[in-house]
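Student: Dumping the structure here so I can ask a few things about it.
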Amino acid sequence: MQRLISLVCLSWLLTGYAQGALDPAWEPVETPDAPDQVSTWVRQVEAGPVKAFRGEVVLPYSWLEVLTILDREELYPQWVFRNKSARRVEEGLYLSFHGIWPVPDRDVFTTTRVTVTEGRVTVHTNNDPGTDTRFDGHVRIPTLENTFDVVPKGADQTRVVFTTYVDPGGRVPAWLSNMIAIEGPLATLRGLGSMLQQHAPDQPSLEQLSAMYRPVLPQLRQLP
């Protein structure tokens, strides 16, 4: 009964990024005093069955260490909120998520784009409506938009902002939707910190990143 849907998963409706400079539509849920603790917000989406949610934390790792973990889809089931599996398909990912009874498991095909702007690395993922391969026992997620903003804050600190909106499709009870909106960013960002503790490379390099980072390698080389 611990199964729940959501994502990479993992997003990603953007407004302001600094705490205290958010659109007032974002309602605070968790507001700890320390920056190394996860802060979370939710926001109502017009005509959306689920609220958008957002989390932010400062991690004691370099931006490149953070990117190496975000790039390892085989680790997603260990830290992305309720992720069941993740695998690369062509230029994107296939993701599946646990449901909680009586809600069936969900799945989605996604595409990801990486940009670098004003010293911020943005990993933006959307569902791919053009892929219609179906798998038994899963309800297709009709809308998914996820963003990880990775912001260097010195040699060994990185601010990570995770923003996500997912319409799970099908019939989902209101209480379950609210649970997703509240627990999603908290569990995902705490999980990211745990993965960095376990799997951060001793000597990270840009060459370790997958092909989706190649278009922005010149910009990444300019980051501190």
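Derivation of every value follows stated rules applied to the coordinates shown; laboratory data play no part. Please read these numbers as outputs of a predicted model, since none were measured by experiment. Virtual Cβ from ideal backbone geometry, glycine too; neighbours counted across all protein chains shown.
Student: Which residues does a label at Arg134 reach in region 85-108, if reach means a backbone N under 20 Å from a point 7 Å past the Cα toward the Cβ?
Tutor: Under 20 Å, as judged by backbone N against the label point of Arg134, lie 94-99, 103-108 of region 85-108.
Student: A further question follows. Using 0.36 nm per residue of separation minus the Cα-Cα distance, give me the extension gain between Thr31 and Glu74 in nm, one decimal.
Tutor: Once the chain is fully extended between Thr31 and Glu74, it gains 12.4 nm.
Student: Whole-Hz Karplus ³J(HN,Hα) for region 72-81, in order, using 6.51 cos²θ - 1.76 cosθ + 1.60 and θ = phi - 60°, x for Gly and Pro?
Tutor: 9, 5, 5, 8, 3, x, 8, 9, 6, 3
Student: Run through all the Cα pairs of region 116-224 and give the fraction in each 10 Å bin from 0, expressed as whole percent.
Tutor: 10, 34, 33, 18, 4
Student: Among Arg134, Arg82, Arg140, rank each residue by its count of other Cβ atoms within 10 Å, from fewest to most, as a rough exposure measure.
Tutor: Arg134, Arg140, Arg82
Student: Okay, moving on. Which order do the peptides 143-149, 160-166 take when ranked by the mean count of other beta-carbon atoms within 10 Å per residue, highest first?
Tutor: Numbers: 143-149: 22.4, 160-166: 26.1.
The packing order, highest mean first, is 160-166, 143-149.
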